[in-house]
Amino acid sequence: MAANVALSQALAYARDLKNLYEVARAREEETVQAHDKLRAAYQQSLAYAIDLKKTHRRLQRSILQSLLGLANALEAKDEYTRGHSDRVAALGRRLALEAGLAVREADVIAQSGLLHDLGKIGVPEPILRKPGPLTEEEWTVMRRHPVTGSQIVAPLEFFAEGALIVRHHHEREDGSGYPDGLSGERIPLGARVVAVADVYDALTSERPYRRALTHAAAVERLAVEAGRTLDARLTRLFTDMVAHAPPDGPVRD
(Lines give C-alpha, C1' and ligand atoms only; values in the text may rest on other atoms or scores of the structure.)
Protein backbone atom coordinates (compact mmCIF):
# COMPACT_ATOMS: atom_id res chain seq x y z
CA MET A 1 0.00 0.00 0.00
CA ALA A 2 2.77 2.42 0.95
CA ALA A 3 4.55 1.60 -2.28
CA ASN A 4 1.46 2.54 -4.30
CA VAL A 5 1.18 5.88 -2.49
CA ALA A 6 4.82 6.63 -3.13
CA LEU A 7 4.42 5.76 -6.82
CA SER A 8 1.35 8.00 -7.12
CA GLN A 9 3.23 10.88 -5.52
CA ALA A 10 6.19 10.35 -7.80
CA LEU A 11 3.92 10.33 -10.85
CA ALA A 12 2.22 13.52 -9.62
CA TYR A 13 5.61 15.22 -9.18
CA ALA A 14 6.61 14.08 -12.65
CA ARG A 15 3.43 15.53 -14.15
CA ASP A 16 3.99 18.80 -12.29
CA LEU A 17 7.59 18.99 -13.50
CA LYS A 18 6.44 18.26 -17.04
CA ASN A 19 3.83 20.99 -16.82
CA LEU A 20 6.39 23.43 -15.44
CA TYR A 21 8.82 22.50 -18.22
CA GLU A 22 6.14 23.00 -20.89
CA VAL A 23 5.17 26.37 -19.41
CA ALA A 24 8.82 27.41 -19.32
CA ARG A 25 9.30 26.28 -22.93
CA ALA A 26 6.20 28.20 -24.00
CA ARG A 27 7.44 31.36 -22.29
CA GLU A 28 10.88 30.91 -23.83
CA GLU A 29 9.33 30.61 -27.28
CA GLU A 30 7.25 33.73 -26.62
CA THR A 31 10.40 35.56 -25.56
CA VAL A 32 12.23 34.45 -28.72
CA GLN A 33 9.30 35.52 -30.87
CA ALA A 34 9.14 38.88 -29.12
CA HIS A 35 12.89 39.30 -29.59
CA ASP A 36 12.56 38.45 -33.30
CA LYS A 37 9.77 41.00 -33.66
CA LEU A 38 11.85 43.65 -31.91
CA ARG A 39 14.86 42.84 -34.08
CA ALA A 40 12.71 43.03 -37.23
CA ALA A 41 11.27 46.36 -36.08
CA TYR A 42 14.79 47.65 -35.37
CA GLN A 43 16.02 46.56 -38.79
CA GLN A 44 13.04 48.24 -40.41
CA SER A 45 13.61 51.44 -38.44
CA LEU A 46 17.29 51.34 -39.38
CA ALA A 47 16.39 50.94 -43.05
CA TYR A 48 13.99 53.89 -42.78
CA ALA A 49 16.72 55.97 -41.10
CA ILE A 50 19.23 55.12 -43.84
CA ASP A 51 16.71 55.98 -46.55
CA LEU A 52 15.88 59.23 -44.77
CA LYS A 53 19.56 60.12 -44.49
CA LYS A 54 20.09 59.40 -48.19
CA THR A 55 17.07 61.53 -49.07
CA HIS A 56 18.41 64.32 -46.85
CA ARG A 57 21.80 64.12 -48.55
CA ARG A 58 20.20 64.18 -52.01
CA LEU A 59 18.17 67.22 -50.99
CA GLN A 60 21.27 69.01 -49.68
CA ARG A 61 23.20 68.23 -52.85
CA SER A 62 20.27 69.49 -54.89
CA ILE A 63 20.40 72.73 -52.90
CA LEU A 64 24.16 72.93 -53.52
CA GLN A 65 23.59 72.54 -57.27
CA SER A 66 20.99 75.31 -57.11
CA LEU A 67 23.49 77.56 -55.32
CA LEU A 68 26.10 76.79 -57.98
CA GLY A 69 23.58 77.79 -60.61
CA LEU A 70 22.86 80.98 -58.70
CA ALA A 71 26.57 81.79 -58.47
CA ASN A 72 26.97 81.25 -62.22
CA ALA A 73 23.97 83.46 -62.94
CA LEU A 74 25.41 86.17 -60.71
CA GLU A 75 28.72 86.12 -62.59
CA ALA A 76 27.08 85.91 -66.01
CA LYS A 77 25.56 89.36 -65.48
CA ASP A 78 29.04 90.92 -65.59
CA GLU A 79 31.32 90.41 -68.59
CA TYR A 80 34.34 91.16 -66.41
CA THR A 81 33.73 88.38 -63.89
CA ARG A 82 32.10 85.81 -66.17
CA GLY A 83 33.84 82.46 -65.70
CA HIS A 84 35.95 83.71 -62.78
CA SER A 85 34.63 81.18 -60.25
CA ASP A 86 34.95 78.29 -62.71
CA ARG A 87 38.59 79.16 -63.24
CA VAL A 88 39.25 79.61 -59.50
CA ALA A 89 37.65 76.21 -58.87
CA ALA A 90 39.77 74.48 -61.52
CA LEU A 91 43.00 76.15 -60.39
CA GLY A 92 42.19 75.50 -56.73
CA ARG A 93 41.62 71.81 -57.36
CA ARG A 94 44.88 71.50 -59.29
CA LEU A 95 46.80 73.30 -56.56
CA ALA A 96 45.21 71.18 -53.82
CA LEU A 97 46.30 67.99 -55.55
CA GLU A 98 49.75 69.48 -56.18
CA ALA A 99 49.97 70.19 -52.42
CA GLY A 100 49.30 66.52 -51.66
CA LEU A 101 45.69 66.79 -50.52
CA ALA A 102 43.29 63.91 -51.04
CA VAL A 103 40.87 63.93 -53.97
CA ARG A 104 37.90 64.46 -51.64
CA GLU A 105 39.56 67.53 -50.11
CA ALA A 106 40.45 68.84 -53.56
CA ASP A 107 36.82 68.41 -54.65
CA VAL A 108 35.58 70.38 -51.62
CA ILE A 109 38.07 73.14 -52.46
CA ALA A 110 36.85 73.17 -56.07
CA GLN A 111 33.22 73.44 -54.95
CA SER A 112 34.20 76.23 -52.57
CA GLY A 113 35.95 77.99 -55.44
CA LEU A 114 32.74 77.84 -57.43
CA LEU A 115 30.84 79.41 -54.51
CA HIS A 116 33.48 81.74 -53.05
CA ASP A 117 31.83 84.91 -54.39
CA LEU A 118 28.22 83.80 -53.82
CA GLY A 119 27.88 86.35 -51.00
CA LYS A 120 28.20 89.17 -53.54
CA ILE A 121 24.50 88.58 -54.17
CA GLY A 122 24.07 90.83 -51.13
CA VAL A 123 26.26 93.63 -52.53
CA PRO A 124 24.40 96.40 -54.43
CA GLU A 125 25.14 96.38 -58.17
CA PRO A 126 26.42 99.97 -58.26
CA ILE A 127 29.22 98.85 -55.94
CA LEU A 128 29.90 95.61 -57.83
CA ARG A 129 29.98 97.36 -61.22
CA LYS A 130 31.70 100.57 -60.15
CA PRO A 131 34.34 101.45 -62.79
CA GLY A 132 36.83 102.82 -60.29
CA PRO A 133 38.15 102.58 -56.72
CA LEU A 134 35.60 101.98 -53.98
CA THR A 135 35.08 104.41 -51.14
CA GLU A 136 35.70 103.26 -47.56
CA GLU A 137 31.95 102.91 -47.03
CA GLU A 138 31.63 100.84 -50.22
CA TRP A 139 34.54 98.63 -49.14
CA THR A 140 32.77 98.01 -45.83
CA VAL A 141 29.80 96.65 -47.77
CA MET A 142 31.99 94.65 -50.16
CA ARG A 143 33.94 93.03 -47.32
CA ARG A 144 30.74 91.47 -46.01
CA HIS A 145 30.41 89.08 -48.96
CA PRO A 146 32.51 86.21 -47.51
CA VAL A 147 30.34 86.15 -44.39
CA THR A 148 27.14 86.34 -46.42
CA GLY A 149 28.32 83.51 -48.66
CA SER A 150 29.27 81.29 -45.73
CA GLN A 151 25.90 81.94 -44.09
CA ILE A 152 24.11 80.87 -47.27
CA VAL A 153 25.94 77.51 -47.47
CA ALA A 154 26.17 76.90 -43.70
CA PRO A 155 22.89 74.88 -43.52
CA LEU A 156 24.45 72.23 -45.79
CA GLU A 157 25.82 69.86 -43.13
CA PHE A 158 28.04 67.91 -45.53
CA PHE A 159 29.61 71.19 -46.75
CA ALA A 160 30.87 72.46 -43.38
CA GLU A 161 34.49 72.60 -44.63
CA GLY A 162 33.34 74.50 -47.70
CA ALA A 163 31.52 77.07 -45.58
CA LEU A 164 34.79 77.82 -43.75
CA ILE A 165 36.65 78.19 -47.04
CA VAL A 166 34.01 80.57 -48.40
CA ARG A 167 34.18 82.64 -45.21
CA HIS A 168 37.98 82.89 -45.06
CA HIS A 169 39.16 83.07 -48.70
CA HIS A 170 40.00 86.78 -48.25
CA GLU A 171 42.08 86.30 -45.11
CA ARG A 172 45.76 87.12 -45.63
CA GLU A 173 48.97 85.55 -44.35
CA ASP A 174 49.96 88.70 -42.45
CA GLY A 175 46.52 89.15 -40.87
CA SER A 176 45.55 92.08 -43.12
CA GLY A 177 42.60 90.27 -44.70
CA TYR A 178 38.93 89.96 -43.79
CA PRO A 179 36.44 89.19 -42.31
CA ASP A 180 38.23 87.93 -39.18
CA GLY A 181 41.83 89.10 -39.60
CA LEU A 182 43.21 85.55 -39.38
CA SER A 183 46.87 84.96 -40.19
CA GLY A 184 49.21 82.09 -41.04
CA GLU A 185 48.14 78.62 -40.00
CA ARG A 186 44.95 79.96 -38.41
CA ILE A 187 43.54 80.39 -41.92
CA PRO A 188 41.96 77.10 -43.10
CA LEU A 189 44.20 75.38 -45.65
CA GLY A 190 41.43 75.23 -48.24
CA ALA A 191 40.90 78.98 -47.93
CA ARG A 192 44.61 79.58 -48.49
CA VAL A 193 44.46 77.44 -51.64
CA VAL A 194 41.44 79.32 -53.00
CA ALA A 195 43.09 82.65 -52.15
CA VAL A 196 46.09 81.94 -54.37
CA ALA A 197 43.89 80.84 -57.28
CA ASP A 198 41.55 83.79 -56.75
CA VAL A 199 44.33 86.38 -56.75
CA TYR A 200 45.97 84.91 -59.87
CA ASP A 201 42.72 84.86 -61.85
CA ALA A 202 41.80 88.37 -60.70
CA LEU A 203 45.21 89.66 -61.83
CA THR A 204 44.93 88.03 -65.25
CA SER A 205 41.33 89.15 -65.87
CA GLU A 206 40.12 92.42 -67.33
CA ARG A 207 38.42 94.78 -64.89
CA PRO A 208 36.56 98.01 -65.63
CA TYR A 209 39.21 99.95 -63.69
CA ARG A 210 42.36 98.23 -65.06
CA ARG A 211 43.71 95.98 -67.80
CA ALA A 212 44.54 92.33 -67.21
CA LEU A 213 48.14 91.46 -66.40
CA THR A 214 50.02 89.01 -68.55
CA HIS A 215 50.65 85.53 -67.19
CA ALA A 216 54.31 86.39 -66.55
CA ALA A 217 53.48 89.67 -64.77
CA ALA A 218 50.87 87.93 -62.60
CA VAL A 219 53.36 85.25 -61.59
CA GLU A 220 55.85 87.99 -60.61
CA ARG A 221 53.16 89.68 -58.51
CA LEU A 222 52.37 86.38 -56.78
CA ALA A 223 56.06 85.94 -55.97
CA VAL A 224 56.04 89.34 -54.25
CA GLU A 225 52.96 88.40 -52.20
CA ALA A 226 54.28 84.96 -51.18
CA GLY A 227 54.79 84.89 -47.43
CA ARG A 228 53.27 88.36 -47.04
CA THR A 229 49.60 88.09 -48.00
CA LEU A 230 49.59 84.61 -49.56
CA ASP A 231 50.81 81.27 -48.20
CA ALA A 232 54.45 81.01 -49.31
CA ARG A 233 54.53 77.24 -49.95
CA LEU A 234 51.23 77.19 -51.82
CA THR A 235 52.24 80.20 -53.90
CA ARG A 236 55.51 78.54 -54.93
CA LEU A 237 53.65 75.34 -55.81
CA PHE A 238 51.16 77.34 -57.83
CA THR A 239 53.73 79.33 -59.79
CA ASP A 240 55.66 76.14 -60.57
CA MET A 241 52.40 74.47 -61.61
CA VAL A 242 51.28 77.21 -64.01
CA ALA A 243 54.79 77.75 -65.34
CA HIS A 244 54.71 74.26 -66.83
CA ALA A 245 51.03 74.34 -67.81
CA PRO A 246 49.51 77.86 -67.84
CA PRO A 247 45.77 77.74 -67.23
CA ASP A 248 43.22 78.27 -69.95
CA GLY A 249 41.51 81.59 -69.38
CA PRO A 250 41.48 85.29 -70.18
CA VAL A 251 45.22 85.83 -69.82
CA ARG A 252 47.44 87.74 -72.24
CA ASP A 253 50.97 86.47 -72.97
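The values are calculated or read from the model by the stated rules, or taken from the named source; none is laboratory data. What you see is a predicted model, and the numbers here were worked out from it, not measured in a lab. Cβ atoms come from the backbone with ideal geometry, glycine included; neighbour counts cover every protein chain shown. Ligands, DNA and RNA are excluded from the accessible area calculation, which covers all protein heavy atoms including side chains. Shrake-Rupley method; radii C 1.70, N 1.55, O 1.52, S 1.80 Å.
Listing for the model above:
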item	result
Accessible area per residue, Å², the chain with all protein chains present, probe 1.4 Å	58
Potential extension, Q9-E30 segment - 0.36 nm per residue separation minus Cα distance	4.4 nm
Listed peptides 65-74, 166-175, 20-29 by packing density, highest first (mean Cβ within 10 Å)	166-175, 65-74, 20-29
If the convex hull is drawn through the Cα atoms of the range 133-184, its volume per residue in Å³	73
Sulfur and carbon atoms: percent of accessible area, the range 34-152 [1.4 Å]	59
Stretch gain in nm, segment L70-R228, where the contour uses 0.36 nm per residue and the Cα spacing is subtracted	53.5 nm
Check: the chain dipole with +1 on Lys, Arg Cβ and -1 on Asp, Glu Cβ, in debye	420
Ranking by accessible area, most exposed first, for L95, L46 with a 1.4 Å probe	L46, L95
Partner aspartates and glutamates for K37 [C-alpha distance under 20 Å; skip if fewer than 8 residues away on the same chain]	E28, E29
